[in-house]
Number of protein chains: 6
Amino acid sequence: MYAISLGDDGAELRSLEPWHAEEFLAHLDRGREFIQTHIPFGANAIDADSARELLQAYADKRAADTGSLHGIWLDGKLVGGVLIRVFDAVHGNCEVGCWLEPAATGRGLITRAMRVLIDWVVEERGVHRVEWQASSANEPSIAVARRLGMTRDGVLRQSNSYRGVRQDMEVWSVLAPEWRAARARGAHKDH
Amino acid sequence: MYAISLGDDGAELRSLEPWHAEEFLAHLDRGREFIQTHIPFGANAIDADSARELLQAYADKRAADTGSLHGIWLDGKLVGGVLIRVFDAVHGNCEVGCWLEPAATGRGLITRAMRVLIDWVVEERGVHRVEWQASSANEPSIAVARRLGMTRDGVLRQSNSYRGVRQDMEVWSVLAPEWRAARARGAHKDH
Amino acid sequence: MYAISLGDDGAELRSLEPWHAEEFLAHLDRGREFIQTHIPFGANAIDADSARELLQAYADKRAADTGSLHGIWLDGKLVGGVLIRVFDAVHGNCEVGCWLEPAATGRGLITRAMRVLIDWVVEERGVHRVEWQASSANEPSIAVARRLGMTRDGVLRQSNSYRGVRQDMEVWSVLAPEWRAARARGAHKDH
Amino acid sequence: MYAISLGDDGAELRSLEPWHAEEFLAHLDRGREFIQTHIPFGANAIDADSARELLQAYADKRAADTGSLHGIWLDGKLVGGVLIRVFDAVHGNCEVGCWLEPAATGRGLITRAMRVLIDWVVEERGVHRVEWQASSANEPSIAVARRLGMTRDGVLRQSNSYRGVRQDMEVWSVLAPEWRAARARGAHKDH
Amino acid sequence: MYAISLGDDGAELRSLEPWHAEEFLAHLDRGREFIQTHIPFGANAIDADSARELLQAYADKRAADTGSLHGIWLDGKLVGGVLIRVFDAVHGNCEVGCWLEPAATGRGLITRAMRVLIDWVVEERGVHRVEWQASSANEPSIAVARRLGMTRDGVLRQSNSYRGVRQDMEVWSVLAPEWRAARARGAHKDH
Amino acid sequence: MYAISLGDDGAELRSLEPWHAEEFLAHLDRGREFIQTHIPFGANAIDADSARELLQAYADKRAADTGSLHGIWLDGKLVGGVLIRVFDAVHGNCEVGCWLEPAATGRGLITRAMRVLIDWVVEERGVHRVEWQASSANEPSIAVARRLGMTRDGVLRQSNSYRGVRQDMEVWSVLAPEWRAARARGAHKDH
């Protein structure tokens, strides 16, 4: 029942739950090829049961406070989302990520949603370091990291194997003081 | 990060989670005697660990889609909450309940929160029957059931044992068509 | 190896266990349509494996002291049974039920078996309240409740969904003092 | 609620369950030294919780069809019992055993109870081989094996370590055809 | 990465692990009929998944310190192995066994591997009694027991059911002092 | 029973198992302060039970093929070890690490052990990328990475919180082709 408005265009952020399985599957089916260009997100979710399984995995992560999944709805239609892939309350670290179907790109939805998410982990949950990982070839993803004011920590050479090819994975991060300083400078507004 | 405004007085509804344990405990400690007049809600939550255990039990219910816990914050202070004690998506049934610390009574907070909750289970989750159970001696709780337009289905004679005394438990309910009809009549507004 | 004679006609009550799966299945197959007129008892038990699963679920309940399943054998043939669907030793409550294949009706088998069962929960296990639930349309079941001296506590309106139709469920109960008083009056003998 | 009469002296066999914990503990406390002369049966059961744990372990075995525990009550007092320590329905094997408090010895209670138990595993459960293990020093236990018509299969040299001393364990057994033949000869009657 | 040389012929002993599944399956396929003459070892391992399951069961035993599986490689080819079927550190007992594909018989591989294994359980792990079980009809297995200096403790009459026939199982054992004495006498060398 | 010689000085590598708990604890107690200068390895292992717990966690990882722990023994005394902290057979990645008590430093033990370990993951297990993480302040650890021919992939800024201070963590790695090339050049010999 909870929702957070992401702006005047009707975009909303909501927790994405197992009972959304059919809606989630339909969304994946619209964007599958695009979403999975660089990462396997949703690759196992090919019918209602397997879609529910993916959502259940995140519902369990949420219950264990080790991650969460949030959908972006545009005019009542699920078009993508942001997620906390790893959450470590003890050490104050988390890794975040995102996905989007092609029809919803170009509107800054991910950036807007990520700001809500990062504000929350930093201010409410005491996270010190927010990490972002992306294949070096995934330019849109790296552009988001840059737009969020993140710094590139390094490149994990050939650390991922996707579709038979080894990918370099870039690691970006923003630390809590950096996040707050950027917000104070209003840097968050000009995207 | 999600919140639902319950009105102009700053009251908000949020998911109540394991990481709220200390805040939840402080709230219980303020209202323990009052809250536990008729029911044992929170009786086992007597320190941070046991408070977290109670919250974790509901986090697990939520992950399993069998219940959920929602806190009511008034001016940023947790003062009570509403809960789905039992949720059965297959049969379209649920049982809801509530608790409040004394300082927050008399403002209709529970009724406002319950309306949000029942709207959601009925309209989003397809629940047909929303049940409410209260000890016959628990007049405030029965008053809430009445205010929500519920009907008394019966009295489970001496079905509960609390503090060494057997209590009659009243069962009240509202069905989805009744809920919608009442809302259409605007009955929900005059509390 | 244990058995309790239910009378001079050779009827016996025994614990119904996973290793009875084939016998249980054959019995269900003889009475399936009749047994499932009002309730789904045994609906999932359609072969030896699924029959064993149902029996295993009750074996597990018994081990956890939360329920049990007891078969009625007539001339060495399993013809029905009684069960403790819910057992709560802490609060002194239980819910009991029954089923029978059509060829075995009209002999008072259920009433006889239920008396043994209720005597045990009340006198040996300290149960204070024995509950019985039946669809309002299930007249034979309600007749058993009445014959056992139970009182109707109420009607849970449309609380069950069976075969696509919502059923009103009646709740009946007998309390330990009532049970003992009735037994003292010999009311248990005239069935 | 089930009980099997073991004879005219009021001795009865019943399933021994977790809810008997206090009664079981009191019995153990009366016979502890005697019972544990050769074997550690009940050694961990030193208060209500640990007694319940032992009984729960057997309740779980029973649910898994891998063993069971049966108490012998004499004039309503638990005085000992027989048990299926290992039950293997697939291979048709089981290992049985017994224990008794000293005040109840000399009446043939164990032999009577074991006959009921072996009859059941052989005739109802299809067991082909019933095994009995006893320390070579445990003469009363070996006498029971002999009285039950068992044959000594061998001696597992120093296979058990009890109270710091390695014991030779004798293995005795009776096969289903032997059991039936002995019963037919009435051999079971003279104890 | 660990290996123990079993002699000058290139035979080696290594832990046999789940990731060896395909190699293990190929080996079983070469020796299936021979290996399963008397015992069902590997009978369920008929493809890569089921082979991995068997290996995983032993990986789990090893983690729990209740058993382990060791392959014998001859010229880099898995040809059989030895195993600790049961390991009981608390009581200082274990049961060991072996299997071999036909092409690798006649070289004393099992005896050599067993000596390494028994040395380890006796000297490193404090085992007092090493047990060996074999069907009376399994002459090669009994010959190994004899060659290892074991004593026949007895015959568990008809205790095993294999391929529809009940087998007598012989129990052999060697105790730690016997093992050490035999080694001192150099008895281990003449095989 | 398995061991790998690490050279002429009697150093050996062995799997480090739960039953080594007391030996492991004694070793930790000798080196605790030194070992935990930069990382919390062994910090929770303060008595036999907690030491066993740490070893059991790695025994479980090994059974799940997600990691393993290997001790280095010098003249029969456990002085340190190497470990596969993360093992991902599907993606061909692993992260390795090490620890040593002060008395055993300066002999190249870690480098020798790591070479055995990396050879195995690369050649036997098909790992493509071997990762090493160390606090920027942990010069000896970084020196090992350099000696193993690893490349620094980056610095995860303030990603670790240890003893109340946030540490920069360096990520180093070597890829399978690099490892093989270095070995071919004999680079592995000059340490």
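The values are calculated or read from the model by the stated rules, or taken from the named source; none is laboratory data. These numbers come from a predicted model, not from an experiment. Reconstructed Cβ throughout: ideal geometry from the backbone, glycine too, with neighbour counts over all protein chains shown. Only protein heavy atoms, including side chains, enter the accessible area calculation; ligands, DNA and RNA are left aside. Shrake-Rupley method; radii C 1.70, N 1.55, O 1.52, S 1.80 Å.
Here are the numbers for the structure shown:
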| read-out | value |
| --- | --- |
| Area of D:Glu22 that stays accessible when all protein chains are in place (1.4 Å probe, Å², to 10) | 130 Å² |
| Shape parameters for the protein assembly as shown, alpha-carbon atoms, Rg then Dmax in Å | 34.7, 100 |
| Subset of E:Lys61/F:Lys61; A:Lys61/E:Lys61; A:Lys77/B:Lys61; A:Lys61/D:Lys61; B:Lys61/C:Lys61 violating a 22 Å alpha-carbon distance limit | A:Lys61/E:Lys61; A:Lys77/B:Lys61; A:Lys61/D:Lys61 |
| Estimated translational D of chain A in µm²/s (Stokes, Kirkwood radius over Cα pairs; 37 °C; 0.692 mPa s) | 194 µm²/s |
| Counted charge near E:Asn93, where neighbours are those whose Cβ lies closer than 14 Å (Asp, Glu -1; Lys, Arg +1) | -1 |
| Separation between Cα centres of the stretch E:112-176 and the stretch D:114-150, rounded to whole Å | 25 Å |
| Total charge dipole magnitude, the protein assembly as shown, about the Cα centre, Cβ charges on Lys, Arg, Asp, Glu only, Debye to nearest 20 | 0 debye |
| Volume per residue of the C-alpha convex hull in the stretch B:1-96, rounded to whole Å³ | 111 Å³ |
| Probe 1.4 Å - accessible area at B:Thr105, Å² to nearest ten | 60 Å² |
| Selection from B:Val90, B:Gly106, B:Leu54 lying farthest towards where the dipole of the stretch B:53-118 points positive, charges on Cβ | B:Gly106 |
| Ordering of F:48-58, C:42-52 by packing [mean C-beta count within 10 Å, highest first] | F:48-58, C:42-52 |
| Where D:Glu95, D:Glu23 fall by accessible area, highest first, once all protein chains stay in place (1.4 Å) | D:Glu23, D:Glu95 |
| Cβ-placed point charges (K, R +1; D, E -1), dipole of the stretch B:7-184 about Cα centre in debye, nearest 20 | 540 debye |
| Exercise: per-residue mean of other protein chain Cβ atoms within 10 Å, B:7-17 | 1 |
| Chain C - share of DSSP beta bridges that are antiparallel (%, nearest 5) | 90 percent |
| For the stretch F:13-76, accessible area per residue (1.4 Å probe, heavy atoms of protein chains only), Å² | 45 Å² |
| For chain E: relative contact order, % (alpha-carbon pairs under 8 angstrom, 6 or more apart) | 16 percent |
| Accessible area (Å², 1.4 Å probe, nearest 10) - E:Met1 | 50 Å² |
| Spacing of the two label points (7 Å from each Cα toward its C-beta) at A:Arg185 and D:Asp119, in nm | 9.1 nm |
| Sequence of B:Arg129, C:Arg183 from largest to smallest accessible area, 1.4 Å probe | C:Arg183, B:Arg129 |
| Accessible surface ranking that places the most exposed of F:Ser135, C:Ser5 first, with a 1.4 angstrom probe | C:Ser5, F:Ser135 |
| Chain B: calculated mean residue ellipticity at 222 nm from DSSP helix runs of at least 4, using -39500 (n - 2.57) | -10000 deg cm²/dmol |
| For the stretch B:28-98 versus the stretch F:1-44, the gap between their alpha-carbon centres in whole angstrom | 47 Å |
| Contact surface A-F: accessible area buried, both sides summed, square angstrom, 1.4 angstrom probe | 1700 Å² |
| Accessible surface of the stretch C:7-184 [probe 1.4 Å, protein heavy atoms]: carbon and sulfur percent | 51 percent |
